[in-house]
Amino acid sequence: MKKTVCVIFGGASSEHEVSLMSSASIIRNLDAEKFDVITLGITKDGRWILFEGTADEIENNTWLSHPDNRPAFISPDPATSGLVVLEKDGSCTVRKIDVIFPVLHGKNGEDGTIQGLFQLSGIPYVGCDTAASAICMDKAVAHSLLASSNIEQAHYLWFYADRYEADGDKIRNKIEARLNFPVFVKPANAGSSVGISKVNAPEDLDAAIRLASEHDSKIVVEEGIVGQEVECAVLGNRGKSIASMVGEIGAAAEFYDYDDKYKNGAAQLFIPARLEPEIMEEIRRIAVRAYNLLGCDGLSRVDFFVTTKGRKIILNEINTLPGFTSISMYPKLWAATGVPYSELLERLIECAFSREDA
Ligand SMILES: Nc1ncnc2c1ncn2[C@@H]1O[C@H](COP(=O)(O)OP(=O)(O)O)[C@@H](O)[C@H]1O
Ligand SMILES: [Mg+2]
């Protein structure tokens, strides 16, 4: 029987535009014989809108001016099991949903907040639950948990931005004492390289910390790693997941920044990565191990560095809702591993129905 999939796109996040691109690709690739698609847009300021137009309008960001748009929201009441729509005549109607596919990146979409609502609604949904999403989103929390399981990461420390305001000297001294420069200063919760700086010398720390503080109340500082940047796509529910081939990013700029990722297409992808086969096997093993440790379901992209000196494998981060455009690493890695885009979407939807708590 045909299933109704609710694709949620946009989001109150700095990665709103990326979501529009990812969602348009997903909508176009959902098999129309198997799925009816309802598209629910979230504006940058957090309004929820039932949108009944095309993937093109989402992609070129004109969806908000569609004349049929009306407010709608997912009911937290499991008896509703769907979307409550506020019709133009003032009445309310309900659209039943079989499964939710959130295609939201970053804050409010990838950090567990909206997953909490899905959980309450009782409707199966694609991807990680509230806890796993929140853990992976917060680089300080993810680092701490992975460190306690002996998964190798860059040396790091973290602090709250208000502690820096109160005692900046002490924190800067600690950074200098514990980490070798250059370091990367990051907001603990952000994404798409927003608010991240590479800092070559101690005197530039202050500006970088202040920039990161504009995006989050928690700051992470990491030692810079010199090496290749590689990524592995993981698919499946916790304990039953599999890893894709490993891909590599050849960055154009100082580091792989927002513009490289989404605008100028400057970053070059190598699939498979230019690595020794045994290193790639080890990366796939670590990716699945980290995925299970942090309690991921459905999908995640696990990002690593491989150091030039010593060929050490260093985990960078886990993205629970990685970019999903036709040129994004996650779907490309699966395509190269033998799972084409449309089949990948079906498998993700199957995972939503088969997870432990569904
Ligand atoms: N410790 C590090 N050493 C070297 N490069 C880094 C380090 N941390 C981040 N980078 C560079 O910055 C980019 C963005 O950092 P990342 O932690 O992945 O943040 P985001 O969550 O925004 O993707 C990475 O893709 C990489 O190019
Ligand atoms: Mg990243």
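Run the reach check for Lys88 against lysines, Cα to Cα strictly under 30 Å, same-chain hits fewer than 8 apart removed. What comes back?
In chain and number order, the partners are Lys2, Lys3, Lys44, Lys96.
How high is the FRET efficiency from Asp204 to Ser342, r the C-beta distance, R0 41 Å, rounded to 0.05?
0.30
Using a simple spin-label model with points 7 Å from Cα along the Cα→Cβ vector, what separation in nm is obtained for Thr113 and Thr130?
With each label point 7 Å from Cα toward Cβ, the separation is 1.4 nm.
So what are the ³J(HN,Hα) numbers for region 198-213, from phi and the Karplus equation (6.51, -1.76, 1.60; θ = phi - 60°), rounded to whole Hz, Gly and Pro as x?
In residue order, the calculated couplings are 9, 10, 8, 9, x, 5, 9, 4, 4, 4, 5, 5, 5, 5, 4, 5 Hz.
Cα axis of helix 16-29 to longest principal axis of the chain: angle in degrees, 0 to 90, nearest 10?
Between the helix axis and the principal axis of the chain, the angle is about 50 degrees.
Go through Lys107/Lys174; Lys34/Lys107; Lys139/Lys312; Lys107/Lys186; Lys174/Lys312; Lys139/Lys174 and tell me which ones have a Cα-Cα distance over 23 Å in this structure. Show your work: numbers first, answer last.
Details: Lys107/Lys174 29 Å; Lys34/Lys107 31 Å; Lys139/Lys312 20 Å; Lys107/Lys186 15 Å; Lys174/Lys312 25 Å; Lys139/Lys174 19 Å.
Lys107/Lys174; Lys34/Lys107; Lys174/Lys312, as the Cα separations exceed 23 Å there.
Compute the accessible area per residue over region 1-151, keeping the other protein chains in place, probe 1.4 Å, unit Å².
Value for region 1-151: 40 Å² per residue.
What's log10 of I(q)/I(0) for region 3-125 at q = 0.15 Å⁻¹, Debye sum over Cα points only, no solvent?
Reported log10 I(q)/I(0), two decimals: -0.63.
Applying the Karplus parametrisation 6.51 cos²θ - 1.76 cosθ + 1.60 with θ = phi - 60° to the phi angles of region 128-143, what ³J(HN,Hα) value in whole Hz is obtained for each residue in order, glycine and proline being reported as x?
Per residue, the Karplus-derived 3J(HN,Hα) values read 5, 7, 4, 5, 4, 4, 5, 5, 6, 5, 8, 4, 5, 5, 4, 4 Hz.
May I ask you to derive the FRET efficiency for Phe270 and Ser217 from their Cβ-Cβ distance with R0 = 30 Å, giving the value to the nearest 0.05?
0.25
Just name one of Val37, Ile242, Leu205: the one whose Cα is farthest towards the positive end of the charge dipole of the chain (beta-carbon charges, Lys/Arg +1, Asp/Glu -1).
Ile242
Mind listing the phi-derived Karplus ³J(HN,Hα) values for region 40-46, rounded to whole Hz, using 6.51, -1.76 and 1.60 with θ = phi - 60°, and x for any glycine or proline?
10, x, 10, 6, 4, 9, x
Counting only C-alpha contacts under 8 Å and six or more residues apart, can you give the relative contact order of region 1-151 as a whole percent? Write down the numbers at each step before the final one.
Working: 297 pairs, mean separation 36.0, N = 151.
RCO, region 1-151: 24 percent.
Give me the aspartates and glutamates in straight-line cross-link reach of Lys218: C-alpha distance below 14 Å, same-chain residues under 8 apart excluded.
Excluding near neighbours in sequence, the set is Asp138, Asp162, Glu165.
Which shape class applies to region 156-223: rounded if a/c is under 1.5, otherwise prolate when a/b exceeds b/c and oblate if not, where a ≥ b ≥ c are the square roots of the Cα gyration tensor eigenvalues?
oblate
Per residue, what volume in Å³ does the Cα convex hull of the chain take up?
Spelled out: Cα convex hull of the chain, divided by residues, is 140 Å³.
Near the amide H of Asn316, under 5 Å away, which other amide H atoms are found, from residues 5 or more places off or on another chain, if H is placed in the peptide plane?
It is Asp303, Phe304, Phe305, by chain and number.
The values are calculated or read from the model by the stated rules, or taken from the named source; none is laboratory data. Fair warning: this is a prediction, and the values are worked out from it, not measured in the lab. When we count neighbours, we look across all protein chains shown, and the Cβ atoms used for this are built from the backbone with ideal geometry, even at glycine. Ligands, DNA and RNA are excluded from the accessible area calculation, which covers all protein heavy atoms including side chains. Shrake-Rupley method; radii C 1.70, N 1.55, O 1.52, S 1.80 Å.
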